[in-house]
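Have a look at the structure below, then the notes.
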Amino acid sequence: MKLSSHYNKTIIIISISVLLAGAVIYYFAISYIARAQLDRDLTEEIDEVADYVKLNHRLPRQIDFDEDVTIFAKTDQAVLPRTFFDTIYNNPKEKKNEAGRAVSGLISLKEGNYKVTITISRENTEYLIQIIASITFVLMVCLLLILLLTNRYILKGLWRPFYDTLYAIKAFNVSDNENFDLRQNKVNEFNELNKAVSVMSTRVKNDFQNLKHFTENASHEMLTPLAVITSKLDTLIQDETIKPQLYDQISDIYAATSKLSRINQSLLLLVKIENNLIDDIEWVDLALQISEKVRLFQDLISTKGIQVTEELESKKIWVSKHLIDILLNNLFSNTIRHNVDHGQLIINLTADKLTFQNSGPDKSLNEETIFERFQKGHKSEGTGLGLAIVKNICSVYKWQIYYQYTNSLHTFQIQF
Amino acid sequence: MKLLVIEDEQGIRENIVNYFNEDGNICESCDCLSAAIDKLAVFDYDCVLLDIGLPDGEGFAVLEYLQKQIKNEAVLIISARNSLNDKLKGLNVGADDYLTKPFHLAELKARVVAIYRRRTFNSNNNLVFNEISINLPGRTVQVNQIQITLTRKEYDMLLYFIANKGKVISKNAIAEHLWGDEMDMHNNFDFIYTHIKNLRKKLLDANSNDYLKSIYGIGYKFMAE
């Protein structure tokens with residue numbers, strides 16, 4: 001439920017109950033006032049009758065009263081308190097019964113006591129109450145309508161900055177270098193919200209940047225010790241007194257060092273790609289690059305006896321040659337490494353996609369995690385960063401990359 | 001060849017000096033910018049090996065100093081920073097080559113020798129090692145005055161071995177030299193063996209001495225004698 005609906009619901013419930021309660025109180029108040037007015041009129045009438053009797057020593061005739069119905073009835077009671085009561089008024093002109101108000105009192109003449117009852121019509125006051133009630137009702141409806149319309153249009157405008165902020169938060173990307181652009185607006189609360197969001201996003205970005213710097217610095221710091229290890233090993237193997245058995249150990253250290261240095265370079269490269277630091281953009285003939293790579297990897301390919309099938313259409317792309325080099329290196333490396341002896345490698349380049357298909361283990365790899373960092377087959381000698389780099393390079397150029405396992409071929413497809 | 005190594009990491013510095021000194025070269029070293037400038041002000045060198053990240057400043061200052069003093073030292077930058085910008089900056093300010101850490105000593109030696117050769121030989125000069133004569137600009141090889149045909153890899157390998165003659169070179173170093181360090185060789189060096197076998201066979205067929213010696217599966221040595 002939208003905030004404005006919640007707000008409307010509350011407003012409607014509150015206004016209806018307040019207006020209803022008001023109407024009830026109003027009704028009783030008006031009725032009370034009207035009744036008091038009638039009673040005052042009746043008192044006046046009965047006083048007039050009493051005065052008339054005192055003056056003329058006889059009962060007044062019916063004609064002397066306007067539209068009031070006055071009835072005199074002989075009574076034996078000596079004392080009769082003046083009482084007001086609701087009754088039925090018989091309109092003599094219109095010949096119909098209406099609601100009426102009556103007063104009864106005692107009038108003393110020489111021939112005896114009379115009970116006098118004066119009845120007047122309550123029609124007018126009832127009518128008044130009806131009018132007042134209808135006006136109140138109309139007002140109530142108007143008020144509700146106005147409230148709803150106000151909520152609908154003004155509230156929408158009022159909340160616009162909130163939705164702007166929400167949109168900005170949704171579009172927030174921690175690796176973007178752009179700052180949060182939030183406009184100043186008239187509502188303090190929203191300004192505060194914007195301020196808080198800005199501060200938070202800046203902090204998150206700083207943390208992210210720090211993390212990246214940390215990765216970069218850590219990788220850089222590792223390069224010098226790696227260089228020390230390598231140069232020590234290079235010096236160590238010059239020693240002719242070393243026992244031949246030790247060469248195996250040294251060979252393993254070489255392998256581990258070379259792997260470590262490759263991981264390091266890959267991490268640095270990832271940071272560089274994420275920071276968009278590679279900008280040597282030029283036109284690259286992709287088909288030509290692929291053919292060159294096939295030549296470069298020829299030794300690896302022929303060692304494994306892999307059959308390479310190329311179907312390359314000419315395709316020029318506006319990219320960094322360095323990144324494309326790495327992309328192809330990693331794809332080739334990957335498809336050759338995980339290939340079986342005498343397997344096949346099919347490379348297909350068309351205007352809108354590049355496909356690498358290779359034979360390999362008869363099992364599909366996990367499509368979800370295959371492009372994540374340090375995800376690799378347990379027998380893999382690689383760094384586990386190759387495909388993460390491929391994916392990152394693709395996302396730099398807004399290409400889509402898919403992995404699929406069909407017809408016992410592992411397929412990597414890049415959609416330009 | 002007279003060399004100056006400017007490198008603050010003691011382990012690397014000592015190894016470089018030892019590796020280069022054994023070959024009849026004179027190799028001096030220092031560990032900071034100021035000492036380097038002091039040495040360069042007094043002595044002339046054939047080649048300077050320069051680390052960029054020095055404790056008292058960036059190594060680029062040495063390049064600027066050399067340029068200002070119109071000194072003719074060849075400079076090879078060795079840096080832990082594998083950044084294209086640094087590379088371009090270094091090469092723009094007058095460096096001859098750029099090598100990223102970690103590197104193999106054999107690779108460093110090969111690069112230094114190549115720079116030195118470029119600077120000192122005339123274009124028609126040959127590199128002669130005993131009965132082997134290599135025409136550098138033409139990329140042709142003669143053994144006992146008989147031309148032999150080598151593939152590109154075999155030729156590069158021969159130059160690499162001659163530059164590092166008398167040294168044991170690990171397979172890793174050879175693979176990185178021939179295929180570049182960006183290519184993951186999967187620690188599969190069988191194909192190096194194939195190339196070396198072919199090179200050795202071609203040299204022996206031309207009645208050359210058997211210089212190439214395999215060292216217990218870890219690498220190869222090009223015998224100096």
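A few comments on the model shown:
- Counting only other chain Cβ atoms within 10 Å of each residue's Cβ, the peptide B:167-180 averages 4.
- Less than 5 angstrom separates the built amide H of residue A:122 from those of A:99, A:100, A:101, all sequence-distant by 5 or more or on a different chain.
- The protein assembly as shown, accessible surface, carbon-and-sulfur percent (1.4 angstrom probe): 53
- Folded to 0 to 90 degrees: helix A:321-337 orientation relative to chain A principal axis, Cα: 70
- Region A:145-177 and region A:342-415 have Cα centres lying 42 Å from one another.
- Neighbours of residue B:3, meaning other residues whose beta-carbon lies under 10 angstrom from its beta-carbon, give a summed charge of -2 when Lys and Arg score +1 and Asp and Glu score -1.
- Radius of gyration, Dmax [chain A; alpha carbons; angstrom]: 49.8, 162
- Shielding score for B:4-12, defined as the mean number of other chain Cβ atoms within 10 Å: 3
- Here is how the number arises for the protein assembly as shown: DSSP H runs of 4 or more residues each give -39500 (n - 2.57), the sum is divided by the residue count, and the result at 222 nm is -17000 deg cm²/dmol.
- Here is the size of region B:2-120 from its Cα atoms: Rg then Dmax, 12.8, 36 Å.
- Total buried accessible area between A and B, probe 1.4 Å, nearest 100: 3600 Å².
- Here the peptides A:399-408, B:152-161 are ranked by packing, the mean other Cβ count within 10 Å, and the order with the highest first is B:152-161, A:399-408.
- Per-residue mean of foreign Cβ neighbours for A:234-244 is 6 (Cβ atoms of other chains, 10 Å radius).
- In order through region A:410-416: 3J(HN,Hα) via Karplus (6.51 cos²θ - 1.76 cosθ + 1.60), integer Hz, x for Gly, Pro: 7, 10, 10, 10, 10, 9, 6
- Cβ-Cβ FRET estimate between residue A:189 and residue A:24, R0 fixed at 41 Å, reported to 0.05: 0.60
- Screening chain B for whole DSSP H helices with an alpha carbon extent of at least 18 angstrom along the helix axis and a mean Kyte-Doolittle hydropathy of at least -0.5 yields B:105-120.
- Translational diffusion coefficient (Stokes-Einstein; Kirkwood radius from C-alpha pairs) of region A:127-224 at 10 °C, 1.306 mPa s, in µm²/s: 88
- Remark: region A:289-294, residue by residue, has Karplus-estimated 3J(HN,Hα) of 4, 5, 4, 5, 5, 4 Hz, where x stands for each Gly or Pro and the curve is 6.51 cos²θ - 1.76 cosθ + 1.60 at θ = phi - 60°.
- Volume per residue of the convex hull around the Cα atoms, evaluated for region A:3-142, comes out as 119 Å³.
- Once the 1.4 Å probe is applied to the protein heavy atoms, chain A comes out at 61 Å² accessible per residue.
- Charge context of residue A:90, other residues only, Cβ under 9 angstrom, K/R +1, D/E -1: +1
- Crossing angle, helix A:123-150 versus chain A [Cα axis fit, 0-90 degrees, rounded to tens]: 10
- Alpha-carbon centroids, region B:138-153 and region A:11-47: separation in whole Å: 123
- A 1.4 Å probe run over region B:2-120, with the rest of the protein chains in place, finds 41 Å² accessible per residue.
- Using alpha-carbon coordinates, inclination of helix A:3-56 to the longest axis of chain A, degrees: 10
- Two-site label geometry, residue A:111 and residue A:280: point separation in nm, points 7 Å out along Cα→Cβ: 13.7
- For region A:279-415, alpha-carbon Rg over 2.2 N^0.38 Å: 0.99
- Residues residue A:97 and residue A:149, FRET efficiency given R0 of 56 Å [Cβ-Cβ distance, rounded to 0.05]: 0.75
- Amide H within-cut-off set for residue A:312, under 5 Å, with H built and near neighbours excluded: A:349
- Largest first and in whole Å, the equivalent-ellipsoid semi-axes of region A:246-337 read 28, 22, 8, each the square root of five times a Cα gyration tensor eigenvalue.
- Region A:189-278: C-alpha gyration tensor shape, a/c 1.5 cut-off, then a/b vs b/c: prolate
- For region A:292-313, a drop of 30 Å² or more in accessible area on going from the chain alone to the assembled protein chains (1.4 Å probe) is found at A:296, A:299, A:300, A:303.
- Annotation: amide H of residue A:82 has no partner in the under-5 Å range at sequence separation 5 or more or interchain, hydrogens built in the peptide plane.
- Region B:126-222 - Rg over Rh from alpha carbon coordinates, Kirkwood radius: 0.95
- Radius 12 Å from Cβ of residue A:240, net charge of other residues (Lys, Arg +1; Asp, Glu -1): +3
- With R₀ fixed at 60 Å, the C-beta to C-beta distance from residue A:88 to residue A:171 puts the FRET efficiency at about 0.20.
The values are calculated or read from the model by the stated rules, or taken from the named source; none is laboratory data. What you see is a predicted model, and the numbers here were worked out from it, not measured in a lab. Heads up, the Cβs are rebuilt from the backbone with ideal geometry, glycines too, and the neighbour counts pull from every protein chain shown. Areas reflect the complete protein model, heavy atoms only, side chains present, ligands, DNA and RNA absent. Shrake-Rupley method; radii C 1.70, N 1.55, O 1.52, S 1.80 Å.
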